[in-house]
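The values are calculated or read from the model by the stated rules, or taken from the named source; none is laboratory data. From a predicted model like this one, the values you see are computed outputs, not experimental measurements. All Cβ positions, even for glycine, are placed from backbone atoms using ideal geometry, and neighbour counts span all protein chains on display. Note: accessible area is taken over every heavy atom of the protein model, side chains too, but ligands, DNA and RNA are not part of it. Shrake-Rupley method; radii C 1.70, N 1.55, O 1.52, S 1.80 Å.
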Amino acid sequence: MTLRIFLALALCLTATAAAADSIDIGFNDDSFQLIYERPLSRDDYGTALASGRFLHNGDEKTTLGSIGADFVGEPGNVPGLELGVGTKFYAGTTDRSTDFINLAIGLRGAFAPPQFWGLGVAGRLYYAPKVFSFRDSERLLESELRLTYAVLPKVKVYVGYQNMRLKEDRRNENWTIDDAVRIGFVGTF
């Protein structure tokens, strides 16, 4: 039921006119991830973004969706540096009969200075403490690190490592629900 609500919200986000939106598609032999980001507002101080994601990992037998809001900007006089904070709402299921709903807060960053000729690095870290974890979960931690390369002004390819850990309430143990190296691309339109 929760996944259906998430998919309906994601469709509502995509039904509006495009304005520097981006699509991120990452995959490997056992999993794929689709992320859609849409700027809500932009000014000299930064950008507010809304995002939706669908992840399926056949190896870990996890399916999840997330929606989020991030606030990013370019601090100081460091060309190519982008930092941000945000929140994500996760809902998903695993093959261990575990349903989870989590609200996480986190950080994200990217660094691609002009002198690196399109090379860059990006990462994010989101954490949902026990007070923001529901159903069969007690905590959730997501981390990701990517090496990116801008092949075109509006297209970046990447190789990245993503890890998502969930502490299950019933078994009182940490369990990896996504642990994968993926290749992919981000297209801006």
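Each residue of the range 43-52 was assigned a 3J(HN,Hα) from its phi angle through the Karplus expression (A = 6.51, B = -1.76, C = 1.60, θ = phi - 60°), giving 8, 5, 9, x, 10, 9, 10, 10, 9, x Hz with x at Gly and Pro.
Size descriptors for the range 47-137, from the alpha-carbon set: Rg then Dmax equal 16.1, 49 Å. Once the Cα-Cα distance is subtracted from the 0.36 nm per residue extended length, the Y149 to E173 segment shows a gain of 4.9 nm.
For F27 and V78, what does the FRET efficiency come to when R0 = 30 Å and r is the distance between their Cβ atoms, rounded to the nearest 0.05?
Values: r = 32 Å, r/R0 = 1.07.
Efficiency computed from Cβ-Cβ geometry: 0.40.
Three principal axis extents of the chain based on alpha-carbon atoms, in descending order, are 50, 31, 29 Å. If you wrap the range 106-189 in the convex hull of its Cα atoms and look at it from every side, the mean projected area works out to 6.6 nm². Across the alpha-carbon set of the range 146-189, the Rg to Rh ratio works out to 1.26, Rh being the Kirkwood radius. Measuring nothing but how far apart in sequence close Cα pairs (under 8 Å, 6+ apart) lie, relative to its length, the chain scores a relative contact order of 17 percent. In the context of the full protein assembly, E82 retains an accessible surface of approximately 70 Å², using a probe radius of 1.4 Å and ignoring ligands and nucleic acids. A 1.4 Å probe run over the range 123-189, with the rest of the protein chains in place, finds 55 Å² accessible per residue.
What a 1.4 Å probe finds exposed on the range 58-182 is 63% carbon and sulfur by accessible area, rounded to a whole percent. For the residues S143, S66, a 1.4 Å probe over the protein chains yields an accessible-area ranking, largest first, of S143, S66. Any idea what angle helix 2-14 forms with the longest principal axis of the chain, computed on alpha-carbon atoms, 0 to 90 degrees, nearest 10? Computed tilt is about 20 degrees. For A20 and V181, the FRET efficiency from 1/(1 + (r/R0)^6), where r spans their Cβ atoms and R0 equals 30 Å, is about 0.60.
Gain on full extension, evaluated as 0.36 nm per residue between D59 and N163 minus their Cα-Cα distance, stands at 36.1 nm.
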